[in-house]
Structures are given as structure tokens and as C-alpha cells.
């Protein structure tokens, strides 16, 4: 995938993420996101990235392009389709992550609500019964009346 290719070609050149980031005028974290497939570079930066890594854009995308058969426009369409496919995969993965975190959040909220209800019920239950001091005071009152 794109991220693995970026990382592989960067390491082959002996560049750090910081060095590539400085050449592209982006942050190191951005390079990390690209390598982990959390995001993709836009088209302009993608071309600059290929230049920095001294590879063709098709190598980064793993697109097989026959330069004799296809026109420049057809090549660009192939690249655009590949980028669109990668972006779609990332969008699906992000939706799945959001769904998982939403489920975890709901489960956590339910646990908190159950704990609060149990605490309130516990307080209500024990306040309905007299304490040891109340019983002793009541017994003393009965003894005094006798």
C-alpha cells in the first residue's frame, strides 16, 4: 500500500521522517501519518514526495503503467483512480474506528449509569433502617420510661 511504499523508499534513501518533512515543508507527524496510512498526501505534495524520494509516482502507488501505450492523460487517470481507491479505503477504516470508539463510549456510559444507580439504591436502602446509635437511644428511652 502507499504508506508502506513511502516508508520503504524513504528508508532506501536513508532519509529520516524529519528530513523528508523538511524537504516537503510539512511536519514529521504528517510523514508518519502517510506511512501508517492514516492519511494521504494531496496530489501536489505527492508529486514532490516522489521527487524527493527519486522514484516515479507510479512506484509509490504500485500502479503498473505502460508508457508506450498510455497517454499522459490516461496515466493521470490511473493515478487518480489509485489515489481515490486509497482514500476510500482510509475513509472506511476511519468509519470503523469511529464506530468502535462510539461503542466503547456507550458501554462505558452504561457502566457509569449502573454504578450511580447502585450507589443511590444503596444509600436509600441503608437510610431506611436505623443505625446502631438509633437503636441504643431507642432502648434507653424505653428503659427510662419503665
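The values are calculated or read from the model by the stated rules, or taken from the named source; none is laboratory data. Note that this is a predicted model, so its numbers are computed, not measured. When we count neighbours, we look across all protein chains shown, and the Cβ atoms used for this are built from the backbone with ideal geometry, even at glycine.
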Next item on the list: Give me the pairs, please: first residue somewhere in segment 29-42 and at positive phi and touching a residue at least 40 places away in the same chain (Cβ under 8 Å), second residue anywhere and surrounded by fewer than 16 Cβ atoms within 10 Å (Cβ to Cβ) and outside any helix (DSSP H, G or I), beta-carbon distance under 7 Å, and either six or more positions apart or on two chains.
Entry: 37/1
Check: Checking residue 21 against (1) surrounded by 14 or more Cβ atoms within 10 Å (Cβ to Cβ); (2) in contact (Cβ under 8 Å) with a residue 12 or more places away in the chain, which test does it fail?
Finding: (2)
Notebook entry, point to check: Hey, any hits in segment 64-71 for a residue that's closer than 18 Å to residue 2 by Cβ, surrounded by 15 or more Cβ atoms within 10 Å (Cβ to Cβ), in contact with a helix residue (DSSP H, G or I) (Cβ under 9 Å, 6 or more places away or on another chain) and in contact (Cβ under 8 Å) with a residue 40 or more places away in the chain?
Noted result: no
Check: Out of all the residues in segment 34-58, which are modelled with pLDDT under 85 and part of a helix (DSSP H, G or I)?
Finding: 43, 44, 57, 58
Check: Does any residue of segment 74-89 turn out to be outside any helix (DSSP H, G or I) and more than 24 Å from residue 39 (Cβ to Cβ)?
Finding: no
